[in-house]
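Every number in this text was worked out from the coordinates using simple rules, so none of it is lab data. None of the values given here were measured: they were computed from a predicted structure.
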Amino acid sequence: MTTTNGATASGRLGWRVCGAFLLSTVCIIMPEVVLAGANTPLGNVLCTTQGWFTGNVGKGLATICVTTIGVLQLLGKRKRTSSIRVAVGVAIIFGAAGVINMMGGGVNGLTNTGQQNCT
């Protein structure tokens, strides 16, 4: 079966498998980069990004977004499914830290490796 650009489905699958293999190889060879503890440069970037999303900036943007979607919903300019998507997205962003802690990713502010969490 050929797509519109001439690539076959099996060819695309081959590239996906190759990419997954490469990613898993990097994860095995360099676990310190993958784990991204709070003491690494990548961990610091991720902690800063988490702070933006869950801090005052993120809460303000979420409030504006939910308010705008709510007004558009009341005016009939938006479908109900898109309003539900926004609400679920906001709930996921602000509830992610609690879910990770419940799953055992962080206990008393420490990760399983003993490093300090972003919180």
Quick one: grab the alpha carbon gyration tensor of the range 56-96, order the square roots of its eigenvalues as a ≥ b ≥ c, and give me rounded if a/c is under 1.5, else prolate or oblate depending on whether a/b is larger than b/c.
oblate
Give a residue-ordered list of calculated ³J(HN,Hα) values for the range 77-84 (Karplus: 6.51 cos²θ - 1.76 cosθ + 1.60, θ = phi - 60°; whole Hz; x for Gly, Pro).
8, 10, 7, 5, 5, 5, 5, 5
